[in-house]
Amino acid sequence: MACFLVPTAEAIAVTIATKSVGGKERKAALAHTDVCGDNGEIKKTPFSHKLKWLGNLLWGGSALLAFEHLWHGEVVPWFPFMTAANSPADTAAMLHEMSTVGVGMALLVTAVWGCMLLASNIIEKRPSVSCARTQESGEQAI
Amino acid sequence: MTLLTTVFAAVICTALWYKGAPKNEYRLDILCWMYWGASIMWFVDAIFEYAELQAKYFTPSPAEMLNDLFLGLSVVALGMVIWIIILLCKDPKGVVKASLLQKKQ
């Protein structure tokens, strides 16, 4: 009915957080580079960039889900925009769906993002192919 | 069927993105984010629907399947329209800008 509103609300909060964290990181002069530094070490991807992944997942999913609701006639382009808002019984059902399915969606997307963070941390810790090659050729030259 | 269609679209786009990485000239990451986000959300929807319908969930009527497939394809098409608009606006290869400047000259 309106389950996509919960991930949309999270997407708005995440976008604001991304802007705020990004600003702080820029102030702290944390350069975003995934590539090798001068000494061949790998600089970490800033948290604001990783937070943007969550925002992208939430915005993208919410947009397509909003279209599905439009398809089923649950969202209309005129006030009150939700057909479920026309009667108290439907509104109660809509709120129930938002608190179950909607919250479930937001939680699973966040959990998947959490797994992505773990995976990216592991990948960042191991030297990249180009870095390893640079170091190997350097060692051979020595 | 909508979930299946979106998952297939997400997997294909991710494979294409990986093939072109790290250049990412066509900004396929936009499509990947959209389709994966929608797939995860529809997966949750499917879990709740399965909890309600049980085995009936896996035996939809042909009309329902067709409608869901039609919706899935429409969702994929909408995702592609959003992607092409963002691609042309961001213009990572500078093609749109170059063509506009050529016209002016």
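The values are calculated or read from the model by the stated rules, or taken from the named source; none is laboratory data. Not measured: the values here are computed from a predicted model. Because the Cβ atoms are built from the backbone with ideal geometry, glycine has one as well, and the counts that use them run over all protein chains shown.
Computed quantities for the displayed model
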quantity: Those residues of region B:6-23 which are at pLDDT below 90 and either of a type in the set (Phe, Trp, Tyr) or not in a helix (DSSP H, G or I) (or both), in sequence order; calculated: B:21, B:22, B:23
quantity: Residue check for residue A:112: closer than 27 Å to residue A:48 by Cβ, in a helix (DSSP H, G or I) and facing another protein chain (nearest Cβ under 10 Å); calculated: yes
quantity: Of residues in region A:84-98 being without any contact (Cβ under 8 Å) to a residue 12 or more places away in the chain and surrounded by 14 or more Cβ atoms within 10 Å (Cβ to Cβ), the one nearest to the chain's Cα centre (by Cα); calculated: A:95
quantity: Candidate set from region B:83-105 (those that are more than 14 Å from chain A (Cβ to nearest Cβ) and of a type in the set (A, V, I, L, M)); member that is nearest to residue B:27 (Cα to Cα); calculated: B:87
quantity: Among (1) out of contact with any Cys (no Cβ under 9 Å at 6 or more places or on another chain); (2) more than 30 Å from residue B:71 (Cβ to Cβ), the one test that residue A:127 misses; calculated: (1)
quantity: Residues of region B:54-77 satisfying the condition of being hydrophobic (A, V, I, L, M, F, W, C) and either within 12 Å of the chain's Cα centre (by Cα) or under 24 Å from residue A:61 (Cα atoms) (or both); calculated: B:58, B:65, B:66, B:69, B:70, B:71, B:73, B:75, B:76, B:77
quantity: Single residue of region B:2-23 satisfying the filter (within 12 Å of chain A (Cβ to nearest Cβ) and not β-branched (Val, Ile, Thr)) that is farthest from residue B:65 (Cα to Cα); calculated: B:22
quantity: Residue satisfying all of: in region B:24-65; part of a loop (DSSP other than H, G, I, E, B) and on the phi < 0 side of the Ramachandran plot; farthest from the other protein chains (Cβ to nearest Cβ) among these; calculated: B:59
quantity: Test: residue B:80 is crowded, with 18+ Cβ neighbours inside 10 Å, within 12 Å of chain A (Cβ to nearest Cβ) and part of a helix (DSSP H, G or I); calculated: no
quantity: Matching entry among A:101, A:75, A:109 (being under 26 Å from residue B:5 (Cα atoms), surrounded by 14 or more Cβ atoms within 10 Å (Cβ to Cβ), modelled with pLDDT under 90 and not basic (Lys, Arg)); calculated: A:75
quantity: Answer from A:134, A:91 - the residue that is more than 14 Å from chain B (Cβ to nearest Cβ), modelled with pLDDT under 85 and part of a helix (DSSP H, G or I); calculated: A:134
